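Notes for the one structure printed next.
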Amino acid sequence: MALATAYFAHETAVIDSGSRIGNNTKIWHFSHIMANCEIGEDCNIGQNVVVSPGVVLGRNVKVQNNVSVYTGVICEDDVFLGPSMVFTNVINPRSFISRKEEFKQTLVRKGASIGANATIICGVEIGAFAMIGAGSVVTKNVPAFALVYGNPAKQQGWVSRYGHTLHFNKAGEATCPESGEWYLLAKGLVRPLE
């Protein structure tokens, strides 16, 4: 039994002891939350999801169906993990060699989205509000607000917090068509303007 209070778990979900689950989180059919996980408030864990020991999911993280979140992964608040995407945690896995002491940390910053069927190679950092295209294979760090896709994933542009492509003027400024927020591109990095 988990240590949290008011969350929903479907009767087919398995939740190992020592896991901490925040209020208003929903865990759906055939998902397995393994020992010593930390899942924040208002998360949605889809069908057939595995969350391995020691994983940390922040507040309002959406994990879609058939996702594997392996030990070493930390997702900050408001992260979206698309259907059937997967993380890795060992660079050179071999069945006959135990490398549990070599798990690498992968950090997904606040508001980032990872598309369906993407693979995230361990040891990388995905920046805040970055967007990873469906089917991509991410092998290196992704800057905040970057749009990346492909195999291997390459940066194709920049996106706003709302996920819209940003088109920068000569002064390096762009606006999000949905929110009206302004962004500045300077020295190869994007940041919101106050």
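Counted over the chain, the DSSP beta bridges are approximately 25% antiparallel.
Here the Kirkwood formula, the inverse mean of 1/r across different C-alpha pairs, assigns the chain a hydrodynamic radius of 17.2 Å. Shape analysis of the stretch 63-128 yields a ratio of the Cα radius of gyration to the Kirkwood radius, Rg/Rh, of 0.99.
Extension gain for E194-T139 works out to 16.6 nm (0.36 nm per residue, less the C-alpha to C-alpha distance). With contacts taken as Cα pairs under 8 Å and at least 6 residues apart, the chain reaches a relative contact order of 10 percent. Between D16 and Y162, the modelled labels are 4.2 nm apart [label points 7 Å from Cα along Cα→Cβ]. Note on S98 and A6: the model spin-label points, each 7 Å out from Cα along the C-beta direction, lie 4.3 nm apart. Reported to the nearest whole Å, the Cα centre-to-centre distance from the stretch 1-69 to the stretch 91-145 is 20.
The amide H of G123, built 1.01 Å from its N in the peptide plane, has Q105, T106 as neighbours under 5 Å, considering only residues 5 or more places off or on other chains. For the residue pairs K104/K154; K62/K187; K140/K187; K26/K104, the C-alpha atoms sit more than 24 angstrom apart in K62/K187; K26/K104.
None of the figures in this text is laboratory data; all of them are computed from the coordinates on show. Keep in mind the model is a prediction, meaning the values are calculated, not measured. Cβ sites come from the backbone with ideal geometry, for glycine too, and all protein chains shown count toward neighbours.
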